[in-house]
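Engineer: The structure that follows is given in the form of structure tokens.
The values are calculated or read from the model by the stated rules, or taken from the named source; none is laboratory data. Computed from a predicted structure; not experimentally measured. Ideal geometry is used to build each Cβ from the backbone, glycine not excepted, and the neighbour counts take in all protein chains shown.
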Amino acid sequence: MGQNKTVWDNPADIIRHMKPDHPVMAFAPSALQETARRFVAGFPGLVTYAVKSNPEEVVIQNLLAAGIKGFDVASPFEIDLIGRMSPAAARHYHNPVRAGWEIDHAVGAGIRAWSVDSRSELDKLFARVPTETDHGPVEISPRFKLPVLGAAYDFGSKFGATPELAAELLAAVAARGYTPSLTFHPGTQCTDPIAWESYIRVAGEICEMAGVKAKRLNVGGGFPSHRVVGVEPDLEAIFTEIGETVAETFGDDRPDLVCEPGRGLCADAYALITRVKALRDGSSVFLNDGVYGGLAELPIIGNIDRLQVLTPQGKLREGDPQSRVIFGPTCDSVDRLPGELTLPEDIAEGDYVIVHGIGAYSTVTNTRFNGFGLMSHATVMSLA
Ligand SMILES: *Cc1c(COP(=O)(O)O)cnc(C)c1O
């Protein structure tokens, strides 16, 4: 895309002036900072950003500017990225399975917070990670799981110990002289605070079973973004519910709280500008981006229906809603958005479809499959 402007007013401004033929990710730093400030002000503990959801450096920079002081890092790359961009920030290495060399790399980088969900991986940490560093004590948090409740996607199918195993791991961590803490991830896009409640209560039971007082409880990510028209996430209600459940469950033994949102922080700071390549015989819509690009996540966790259609002149199409099948540009038949989505009936070839709330698990999972995936980034003052 041309560079005659560095900051655009909004996605329509980009469309009017650039008429981009390739997908454009429009990023609004002001929207990101506003959400970050909501988390910092409202969450009753430390807010750490799950870097995997969107590791763009402008995202990290704006989160730091808005007061985010910690990061959930899952790989040596993410550890080094945050170490370089913000040496003073907390880095929690919360990928519970690691190769030996990755553990050594993280120790060398000064990591002091680890999660674990198995005996074998805990033994690897015991063998390679000191209990103390020059910068302070080292924390290990067993990660536990429950059957999924209220999430769009079940994280527990890959990670998490049963509560019984988590208690055994927690006792072993404390006996070995590390700081014992607990962590969980309720699943992603949890619109109902109930997703956190049962986890927090079980965290209390795990501490009892282990006979150990957890120093911190990390309540994971899973905070929702605005994906569906009319269902706006109520972050403050979730923060309140978490605080109250922790107070009820732990009383005077209340652990310090940590959360690690990815999607809830970054998703609503982006809109994806795609272009209509074709309306096949006036019915299905073919876009220049799809499930191998910026829309990779939709088949896994469901559609975003916050769509707008603009003409190349940047004018909003306001025709009656009509259901359409939407395909991406590749020759692969799975390159299709789930079900059907409603778009204005007067949508035309060459129009633009703007997908709002697309900042998480999109820029970073974009592929070059089939020769597509040339995605550019632009900064906007506002997404509206
Ligand atoms: C991916 C991940 C997150 C972020 O999840 P969101 O649903 O995007 O908030 C948080 N913690 C861990 C350990 C993760 O793997």
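Engineer: Is it the case that region 342-358 has a residue that's touching a Lys or Arg at 6+ places or on another chain (Cβ under 6 Å) and without any contact (Cβ under 8 Å) to a residue 40 or more places away in the chain?
Structural biologist: yes
Engineer: Specify which of the listed residues (Thr240, Thr311) is among the polar types (S, T, N, Q), more than 16 Å from the ligand (Cβ to nearest atom) and closer than 30 Å to Arg143 by Cα.
Structural biologist: On the way: Thr311 fails: closer than 30 Å to Arg143 by Cα.
Exactly one of Thr240, Thr311 is among the polar types (S, T, N, Q), more than 16 Å from the ligand (Cβ to nearest atom) and closer than 30 Å to Arg143 by Cα, namely Thr240.
Engineer: Surrounded by fewer than 14 Cβ atoms within 10 Å (Cβ to Cβ), of a type outside the set (Lys, Arg) and farther than 18 Å from Pro312 by Cβ: does that describe Ser333?
Structural biologist: Against the criterion (surrounded by fewer than 14 Cβ atoms within 10 Å (Cβ to Cβ), of a type outside the set (Lys, Arg) and farther than 18 Å from Pro312 by Cβ), Ser333 qualifies.
Engineer: Give just the number: which of (1) assigned to a loop (DSSP other than H, G, I, E, B); (2) over 30 Å from Glu349 (Cα atoms) does Asp21 not satisfy?
Structural biologist: (2)
Engineer: Identify all residues within region 306-330 that are assigned to a strand (DSSP E or B) and surrounded by fewer than 16 Cβ atoms within 10 Å (Cβ to Cβ); write none if there are none.
Structural biologist: Answer for region 306-330, where residues must be assigned to a strand (DSSP E or B) and surrounded by fewer than 16 Cβ atoms within 10 Å (Cβ to Cβ): Leu316, Pro321, Gln322, Ser323.
Engineer: So, in region 243-267, of the ones that are of a type in the set (D, E, K, R) and more than 12 Å from the ligand (Cβ to nearest atom), which residue ends up nearest to Asn303 (Cα to Cα)? Break it down stepwise before answering.
Structural biologist: Taking region 243-267 and keeping what is of a type in the set (D, E, K, R), we get 244, 248, 252-254, 256, 260, 263.
Going one step further and asking which of them are more than 12 Å from the ligand (Cβ to nearest atom), we end up with 244, 248, 252-254, 256.
On the way: Glu244: 32, Glu248: 36, Asp252: 43, Asp253: 42, Arg254: 38, Asp256: 36 Å.
My answer is Glu244.
Engineer: May I ask you to verify whether Leu217 is surrounded by 24 or more Cβ atoms within 10 Å (Cβ to Cβ) and away from the ligand (no atom under 13 Å from the Cβ)? Please lay out each step first, then the result.
Structural biologist: Details: surrounded by 24 or more Cβ atoms within 10 Å (Cβ to Cβ): yes; away from the ligand (no atom under 13 Å from the Cβ): yes.
Taking the combined requirement at face value, the residue satisfies it.
Engineer: Same structure, new question: Of everything in region 101-150, what is touching a Lys or Arg at 6+ places or on another chain (Cβ under 7 Å), part of a loop (DSSP other than H, G, I, E, B), among the β-branched types (Val, Ile, Thr) and free of Cβ contacts under 8 Å to residues at least 40 places away in the same chain? Give them in sequence order.
Structural biologist: Ile111, the sole residue that qualifies.
Engineer: Can you tell me how many residues in region 95-114 are closer than 20 Å to Tyr49 by Cα and either of a type in the set (Phe, Trp, Tyr) or modelled with pLDDT under 95 (or both)?
Structural biologist: Total meeting the criteria: 1.
Engineer: Every residue in region 30-58 that is more than 13 Å from the ligand (Cβ to nearest atom), within 15 Å of Arg263 (Cβ to Cβ) and assigned to a helix (DSSP H, G or I), please. Steps first, please.
Structural biologist: Quick first cut of region 30-58, residues more than 13 Å from the ligand (Cβ to nearest atom) only: 30-34, 36-38, 40-42, 44-46, 56-58.
Right, trim to within 15 Å of Arg263 (Cβ to Cβ) and you get 31-32, 36, 38, 56.
Selection gives Ala31, Leu32, Ala36, Arg38.
Engineer: If you check Asp252 against the conditions, is it assigned by TED's automatic domain parsing to the domain that holds Val219, within 23 Å of the chain's Cα centre (by Cα) and surrounded by fewer than 21 Cβ atoms within 10 Å (Cβ to Cβ)?
Structural biologist: Numbers: assigned by TED's automatic domain parsing to the domain that holds Val219: yes; within 23 Å of the chain's Cα centre (by Cα): no; surrounded by fewer than 21 Cβ atoms within 10 Å (Cβ to Cβ): yes.
Here the answer is no, as Asp252 does not meet what is asked.
Engineer: Can you go through Val285, Val276, Val291 and tell me which one is in the same structural domain as Pro329 (by TED's automatic domain parsing), of a type in the set (Val, Ile, Thr) and in a loop (DSSP other than H, G, I, E, B)? Can you show your working first?
Structural biologist: Working: Val285 fails: in a loop (DSSP other than H, G, I, E, B); Val276 fails: in a loop (DSSP other than H, G, I, E, B).
Of Val285, Val276, Val291, the one residue that is in the same structural domain as Pro329 (by TED's automatic domain parsing), of a type in the set (Val, Ile, Thr) and in a loop (DSSP other than H, G, I, E, B) is Val291.
Engineer: Does region 193-201 include one or more residues that are outside any helix (DSSP H, G or I) and either of a type in the set (Val, Ile, Thr) or under 26 Å from Ala269 (Cα atoms) (or both)?
Structural biologist: yes
Engineer: Let me ask another. Is it the case that some residue within region 258-270 is assigned to a strand (DSSP E or B) and either of a type in the set (Phe, Trp, Tyr) or in the same structural domain as Ser376 (by TED's automatic domain parsing) (or both)?
Structural biologist: First pass over region 258-270, keeping only residues assigned to a strand (DSSP E or B): 258-259, 270.
Now drop any that are not either of a type in the set (Phe, Trp, Tyr) or in the same structural domain as Ser376 (by TED's automatic domain parsing) (or both), which leaves 270.
Looking for residues that are assigned to a strand (DSSP E or B) and either of a type in the set (Phe, Trp, Tyr) or in the same structural domain as Ser376 (by TED's automatic domain parsing) (or both), one finds at least one in region 258-270, hence yes.
Engineer: Given the structure, is Arg37 surrounded by fewer than 18 Cβ atoms within 10 Å (Cβ to Cβ), of a type in the set (Lys, Arg) and within 30 Å of Leu217 (Cα to Cα)?
Structural biologist: Working: surrounded by fewer than 18 Cβ atoms within 10 Å (Cβ to Cβ): yes; of a type in the set (Lys, Arg): yes; within 30 Å of Leu217 (Cα to Cα): yes.
Considered against the rule, which asks whether it is surrounded by fewer than 18 Cβ atoms within 10 Å (Cβ to Cβ), of a type in the set (Lys, Arg) and within 30 Å of Leu217 (Cα to Cα), Arg37 comes out as yes.
So that you can scan it fast, the table gives a plain yes or no per residue for (1) of a type in the set (D, E, K, R); (2) modelled with pLDDT of 95 or more:
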position: Arg254; (1), (2): yes, yes
position: Gly264; (1), (2): no, yes
position: Ala271; (1), (2): no, yes
position: Asp289; (1), (2): yes, yes
position: Ile300; (1), (2): no, no
position: Gln308; (1), (2): no, yes
position: Gln313; (1), (2): no, yes
position: Gly319; (1), (2): no, yes
position: Glu345; (1), (2): yes, yes
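Engineer: Filter region 178-192 down to residues that are part of a loop (DSSP other than H, G, I, E, B) and closer than 21 Å to Ser53 by Cα and give me whichever is farthest from the ligand (Cβ to nearest atom).
Structural biologist: Filtering first and then ranking leaves Asp192.
Engineer: Turning to a different aspect of this structure: Residue by residue through region 111-144, note down the ones that are surrounded by fewer than 14 Cβ atoms within 10 Å (Cβ to Cβ) and under 23 Å from Gly67 (Cα atoms).
Structural biologist: His135, Gly136
Engineer: Is there a residue in region 16-32 that is β-branched (Val, Ile, Thr), under 16 Å from the mean Cα position of the chain (by Cα) and surrounded by 18 or more Cβ atoms within 10 Å (Cβ to Cβ)?
Structural biologist: no
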